Protein chains: 4
Amino acid sequence: MAANGKVKVGIIGSQFEADIHAASFQIMPQEAEVVAVASPTPGHPEALAKRYGIGRVFGDYRQMLAETDIEMVTIAAPNDLHAQMTIDAANAGKHVVCEKPLCMTLEEADEMIDTCRRKGVLLLYAEELFFTPKYVRAKRMADEGAFGKVYLVKQSEKHFGPHAAWFWDVERSGGGVFMDMGCHGIAFCYWFLDRPAIRSVLCHMGTYVHADKTRGEDDSLCILEFANGAVGRVENSWARRGGMDDRIEVYGEGGVTYANLHMGNALPTYSEYGYGYAVEKAPTTKGWTYPVFEELWNYGFPQEMRHFACCVRGKEEPIATGEDGRVVMEAIYAGYASAGKGEKISLPFRPQGVKRPIDLWLAV
Amino acid sequence: MAANGKVKVGIIGSQFEADIHAASFQIMPQEAEVVAVASPTPGHPEALAKRYGIGRVFGDYRQMLAETDIEMVTIAAPNDLHAQMTIDAANAGKHVVCEKPLCMTLEEADEMIDTCRRKGVLLLYAEELFFTPKYVRAKRMADEGAFGKVYLVKQSEKHFGPHAAWFWDVERSGGGVFMDMGCHGIAFCYWFLDRPAIRSVLCHMGTYVHADKTRGEDDSLCILEFANGAVGRVENSWARRGGMDDRIEVYGEGGVTYANLHMGNALPTYSEYGYGYAVEKAPTTKGWTYPVFEELWNYGFPQEMRHFACCVRGKEEPIATGEDGRVVMEAIYAGYASAGKGEKISLPFRPQGVKRPIDLWLAV
Amino acid sequence: MAANGKVKVGIIGSQFEADIHAASFQIMPQEAEVVAVASPTPGHPEALAKRYGIGRVFGDYRQMLAETDIEMVTIAAPNDLHAQMTIDAANAGKHVVCEKPLCMTLEEADEMIDTCRRKGVLLLYAEELFFTPKYVRAKRMADEGAFGKVYLVKQSEKHFGPHAAWFWDVERSGGGVFMDMGCHGIAFCYWFLDRPAIRSVLCHMGTYVHADKTRGEDDSLCILEFANGAVGRVENSWARRGGMDDRIEVYGEGGVTYANLHMGNALPTYSEYGYGYAVEKAPTTKGWTYPVFEELWNYGFPQEMRHFACCVRGKEEPIATGEDGRVVMEAIYAGYASAGKGEKISLPFRPQGVKRPIDLWLAV
Amino acid sequence: MAANGKVKVGIIGSQFEADIHAASFQIMPQEAEVVAVASPTPGHPEALAKRYGIGRVFGDYRQMLAETDIEMVTIAAPNDLHAQMTIDAANAGKHVVCEKPLCMTLEEADEMIDTCRRKGVLLLYAEELFFTPKYVRAKRMADEGAFGKVYLVKQSEKHFGPHAAWFWDVERSGGGVFMDMGCHGIAFCYWFLDRPAIRSVLCHMGTYVHADKTRGEDDSLCILEFANGAVGRVENSWARRGGMDDRIEVYGEGGVTYANLHMGNALPTYSEYGYGYAVEKAPTTKGWTYPVFEELWNYGFPQEMRHFACCVRGKEEPIATGEDGRVVMEAIYAGYASAGKGEKISLPFRPQGVKRPIDLWLAV
């Protein structure tokens, strides 16, 4: 493989997240280029390749891993496939960017991390909130002392349901909205507070609107106690109408800040006729809408992918790793256990023989 | 007493809340007039009387209760005095408006309700959020079906600490911010959802900023499960900088609404020189501020007091009663117990021999 | 007539504005009661009377003026009828509340003022912005010195067209949106700055969207230079989609404030199903909407009508009079002349023989 | 010069705008690199060079123009120097990026354009609003038909005064805030509407707050009539307290949109202690502030500079040229003339022998 030049990337997956990966590398093309895409869904990888001018298409990601020039793969596949794909990629000597959540079980997380370490490849965890410009700005203010000691960090992400059918199937997803989006909020609070250990998790959830579609929860609230005495609150929903909603609040003894990626960044717009696109999961472009601008950039996806490529070239130290993903996984397990038992769960929490996080809640 | 004409009112108390009562009757003067004020703090009741043109001043509220023309008293005294004052007033044949929270113990709540019933006087519970115009508007939309089935109601009230010293003393207050302001949010969710029974309470709290001043919690989050399947989330803080913050969010399967009484209603203002007053607990009027307008009216205090006077005259049915206050008290007890144990508490919850709610948390 | 008790009021008109008058007296009923309504439109006054429990209905307002107990009439009729109705009412010894704009010509304005003066009745000018709570708040901050010397005041009112057909007919209305709503903004700036003389008017307007319906302008911008060196900017539209928009901006050398009566006061709401009513002229209640609360109170209509009744009883000095209305009329004439000529018009401005303001623009 | 590789850039200037240029090339480094800076102010160019790692420093820009590898220069010097610098650069065979406004006179504009054309170099006009992501989004919605026919575009930019002393001196700047920032708004409306000819300009201005510092106007409003029947309104101030304010409004017969680069994009923040930086020209970071994030990117400066470098390489067609700058200059001349005469000025407008735009206003 090349020691310099653009990092050659292969994408595993061909739908929503894979498209974001391809678009992100295109928006910030300095450090990397996507040269291949692999997905078993007939027609999908071809379409993605055409959309982004990607040269090579594979039905089986293992074939793609045999391409010697590819240095980094990104995994944008259902959660239950993350571990195997990561391990295969590491064994093929590729650096791995794995979508959130990291995997299905803590055992998988350990194996992913260990394999990558042994093989000398990076395991990079695709948590874009570490790169979201507006949130990064909040963290910089906190680091500059704007709020004094921060005692509470909140993150919330809500919409009316996921973009692919497998999310509704808890066998494949491992959980509902708390697994799908709570992982963002847990990672965010952990990162914002400079990675203190999580001491306990208290969680409440339910299936309020989509019981006809899923056994997974569609609304959740999770409270994290950190070793530094601060608290995180993570609020998620698949049952919030009106399009995407992603926001944070930061409370310190000396101040407070609010950052809203959607209504707080948008162009309030009224249209009789509609227009191309408003925002992720918006139901319409007619009437009043809140279109955002440069959506991927404002989430931080291109910055994230650029960072990962820089890490491969040794220009930057990884700031989102498999270890972060494992911390999040442990909190997710603790969260489902907490919601199931109706009590606070102390960490470390290492349930044995549980196949997917949501089982700790559904079992009750 | 008169069967018609304006209801003659006596106020017990002379500080922050008593001033709101007096001002509220003045803003909507059709149905009632304040004729007396009682408070043992030297100079205070006289000052209040002068400010609002109140004719009679008493150092001891029991003397005021002897005034035969007074039909209704409002209690704006520390929490630990509510029960005795209510009972005394009822025994004197006066209708009672009692500030929130209703009292210190569930036994007190029972006795207050029973005494008033036996004496044939009304026990009116001063929860102004039932009258807050913006929140009433949200409820009307919900009642009109705007959101379909409502599954989640949130209410939040935050500032940087109470306006009187006794709040910091848990002996007198019975608890910290959850007792002081969580009572609003619990009542609000209960009312908004049309008073379904509360099935369980899960609560988390801590003292993050004001440990030098109080043993009470200064930040709390409370999750209520209702018999109709909906959830309430109540978030409170005495540790939020920048002035008062009071807001709600309502989520239904068919929609969502947000109402913010402060930044969402204010005149964003920059001033080099400052001006008279911005908003409750605002630290300054210089720089950027969020002044509100017609503050009491926008909270609903005048509408509330007018309603209570109408109830005394039999023109309206009470919509905020001692029974509501007791429901809230039970949830508060359950909340402190939940925070203490780190687990969900099922209702009915009837702890024996507990002197004040916060003991269930502090004891742990 | 009675020297005390509630002022007995007769309303002339039965549509949009008449309804607001009736509702306003009902919201603040202390000082006045509506006892009669007069309108020639078959069925309309009866419907209004039924809606508000008004006892007497007349087809001809002159018959209503013969009712001896009526002390004050409010005129909510097309602009071209204001003068005659006012004169008739004054001759009948009734105090007059006249809707904006005051009339059609400056000669009419003089005669209205003179007649009322000679007959010893009040001529009250129904400019509710002098009573709008949020705007009153801005003025109070200005008066408290928050902004230092105020050099610029802006007021804007926009929607997608008037509520009654006669507005489109410039013979009856005298002008388009500048006449209909610019009169609010001119009055507002004049009042906010404490009534300095208007030195000049510079105005720009056009018919951009509704040329199929009207010869009147549907969008306008008016710049007023005042004797104290400050400037007013008044922006109006009948071509703005999405519902009502009413806002002000105040700029001083030491600060700035913004007040928005609609999106800045509303409950941002998403509804799949819709609900009763969002806000004046909102096209729908589905999707995202901005419902306001206590709409009339937040405009200041009830406060205005209460004030007028207090003036009749001598309890308050009129703060919105025929003289204010005449100042506004002169600025409106100057504004149309300015737009017609494309140049700034100095005041005093007393065009001779012009039947309606818009003629000075249309003539060009 | 090189036909490929990164475009080598020299910056003329060393202060506010020069810093923005250097930072912008650094943020988007794919297409260009800054290799030299020239400024006669002792110490300044050295400091800039150090800040951004720029290799070569010159006291005289003419020396820098002698460097054969430099392909493009950017001019960030006072307005009265733009023309000579552009001509010198063109004669040296360098492509020119000239800051706004283009120059001082229409004769200069012609000569700049002609010289660059004859020398075969690009004259690129640094109007970043053509690249502002949020505004580009609004234009895309308009182009997609969201608003139907657009009849009114507004742009406003306000703060409390410029960042360098020469702006106050109308000999050097050519005008006050209308020249300094009105040029943005004029260009914006022209671009947004797809460059229809400007038919007329009507302008109003005054010196309300800073008369002790400048003869230039510190507040202005300009109305542009375009050949396609639409109107532009451009509002500017050097007398608005509280930090930068930049916003647009777009009105069409079928809809409306609002985009606010500052309060509408910011993180509402309260800080007791302050922090590094809030936003351009913010007076403080304590109390309530509105910090923005990725400020240069959100204005579009890096995107603009990247585009200019792409134009030099022939990869993109220039979308902001000297011709645009000349159109703006003509409107500025017409605007000052309009404000001076108090009347609408028709275009084409070609005043003879006027040294600077503001003379047409000051002369009156």
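Of all residues in the stretch C:47-68, exactly one satisfies the criterion of being more than 25 Å from the chain's Cα centre (by Cα), among the charged types (D, E, K, R) and over 21 Å from residue C:86 (Cβ atoms), namely C:50. Taking the criterion of being farther than 23 Å from residue C:297 by Cβ and without any contact (Cβ under 8 Å) to a residue 24 or more places away in the chain, the residues of the stretch C:4-48 that qualify are C:5, C:40, C:42, C:43, C:46. Taken as a whole, the structure leaves residue D:144 outside the set of residues that are within 30 Å of residue C:253 (Cβ to Cβ), at pLDDT 95 or above and touching a Gly at 6+ places or on another chain (Cβ under 7 Å).
This table checks each residue for (1) more than 23 Å from residue D:293 (Cβ to Cβ); (2) within 18 Å of the chain's Cα centre (by Cα); (3) hydrophobic (A, V, I, L, M, F, W, C); (4) within 14 Å of another protein chain (Cβ to nearest Cβ).
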residue: D:121; (1), (2), (3), (4): yes, no, yes, no
residue: D:171; (1), (2), (3), (4): yes, no, no, no
residue: D:177; (1), (2), (3), (4): yes, yes, yes, yes
residue: D:203; (1), (2), (3), (4): yes, no, yes, yes
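In the stretch C:48-82, the residue that is surrounded by the most Cβ atoms within 10 Å (Cβ to Cβ) out of those that are among the aliphatic types (A, V, I, L, M) and assigned to a helix (DSSP H, G or I) is C:64. Contact map, the stretch B:159-177: first residue without any contact (Cβ under 8 Å) to a residue 60 or more places away in the chain, second residue β-branched (Val, Ile, Thr), Cβ cut-off under 6 Å, separation 6 or more or different chains; pairs are B:168/B:214.
Within the set D:255, D:300, the sole residue that is more than 9 Å from every other protein chain (Cβ to nearest Cβ), small (Gly, Ala, Ser) and crowded, with 22+ Cβ neighbours inside 10 Å turns out to be D:300. For the stretch D:330-362, taking the residues that are more than 14 Å from chain C (Cβ to nearest Cβ) and in contact with a Leu (Cβ under 7 Å, 6 or more places away or on another chain), the one that is farthest from residue D:200 (Cα to Cα) is identified as D:354.
Evaluate the stretch B:213-230: report whether one residue or more is aromatic (Phe, Trp, Tyr), under 30 Å from residue B:346 (Cβ atoms), touching a strand residue (DSSP E or B) at 6+ places or on another chain (Cβ under 7 Å) and at pLDDT 95 or above.
Yes, some residue in the stretch B:213-230 is aromatic (Phe, Trp, Tyr), under 30 Å from residue B:346 (Cβ atoms), touching a strand residue (DSSP E or B) at 6+ places or on another chain (Cβ under 7 Å) and at pLDDT 95 or above.
For the stretch C:267-297, a residue qualifies if it is among the small types (Gly, Ala, Ser), more than 8 Å from every other protein chain (Cβ to nearest Cβ) and either free of Cβ contacts under 8 Å to residues at least 24 places away in the same chain or buried (at least 23 other Cβ atoms within 10 Å of the Cβ) (or both), and exactly one does: C:278.
Has the stretch C:138-147 got any residue that is among the small types (Gly, Ala, Ser) and within 18 Å of the chain's Cα centre (by Cα)? Looking for residues that are among the small types (Gly, Ala, Ser) and within 18 Å of the chain's Cα centre (by Cα), one finds none in the stretch C:138-147, hence no. The combined condition, being within 14 Å of chain A (Cβ to nearest Cβ), basic (Lys, Arg) and touching a Cys at 6+ places or on another chain (Cβ under 9 Å), is not fulfilled by residue D:139. Considering the conditions (1) out of contact with any strand residue (DSSP E or B) (no Cβ under 9 Å at 6 or more places or on another chain); (2) not in a helix (DSSP H, G or I), residue A:23 is excluded by exactly one of them, (2). Only one of the numbered conditions (1) surrounded by 20 or more Cβ atoms within 10 Å (Cβ to Cβ); (2) at pLDDT below 95 is violated by residue B:42, and that is (1). Residues of the stretch C:221-237 that are touching a Gly at 6+ places or on another chain (Cβ under 6 Å) and within 11 Å of another protein chain (Cβ to nearest Cβ): C:222, C:224. Remark: pairs (first residue in the stretch B:208-237, under 14 Å from residue B:153 (Cα atoms) and touching a residue at least 12 places away in the same chain (Cβ under 8 Å); second residue part of a loop (DSSP other than H, G, I, E, B) and of a type in the set (Ser, Thr, Tyr); Cβ separation under 9 Å; 6+ apart in sequence or on different chains) = B:229/A:208; B:230/A:208; B:231/A:208.
The values are calculated or read from the model by the stated rules, or taken from the named source; none is laboratory data. Note that the coordinates shown come from a computational prediction; the quantities given were computed from them, not determined experimentally. Every residue, glycine as well, gets a Cβ built from its backbone with ideal geometry; the counts of neighbours run over all protein chains shown.
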